[in-house]
């Protein structure tokens, strides 16, 4: 793998990194989804979720998801924050599988059914991009301190480009998700 990484283009390495983090993000969410919850915990999570749905808006979903994604861009710390958020997303899915109209649907199936909708793909790709760029920012920072000639500034330009791209992706995802939630609720 290391030899492939050294012979592949920068663009290919970045795409591979995003795909690896996409797989890890799915895995972490699945781990959260299979957690055993008491009925009381599941009821509380779903009550909180219903209160959020009553005041849902594009701005709320977009702002929340963008804030989370931007934190994922932070070197090293972003991974911890992001994986914690994804794990908790899985826990919410587990709670929904216990107490809502989805009751009886296994939580992993419920999670993977979300990928019928484009917003799930857009959000997970955006998050995976944040994780991957966090990785590259960390690598480039270490390289720039270790030896001259490696430009950390160039990586910051890459990060700003990727932040622009994920911002657009998350805005589109928020529009789709809000429309689906509003159509479902009324």
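Values quoted throughout were computed directly from the atomic coordinates according to the rules given, and no laboratory measurement underlies them. As the structure is a computational prediction, the values presented were derived from the model and not from experiment. FYI the Cβ positions are ideal-geometry reconstructions off the backbone, even for glycines, and counts take in every protein chain you see.
Values computed for the structure shown
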read-out	value
Calculated [θ] (222 nm, deg cm²/dmol) that DSSP helices of n ≥ 4 give over the chain, each run adding -39,500 (n - 2.57)	-28500 deg cm²/dmol
With Cα atoms, 0 to 90° folded angle of helix 58-72 axis to the chain main axis	40
Between helix 10-33 and the chain: long-axis angle, C-alpha atoms, 0 to 90°, nearest 10	30
Nearest 10 degrees, 0 to 90: helix 118-146 Cα axis against the chain principal axis	30
Cβ-Cβ FRET estimate between residue 77 and residue 151, R0 fixed at 25 Å, reported to 0.05	0.65
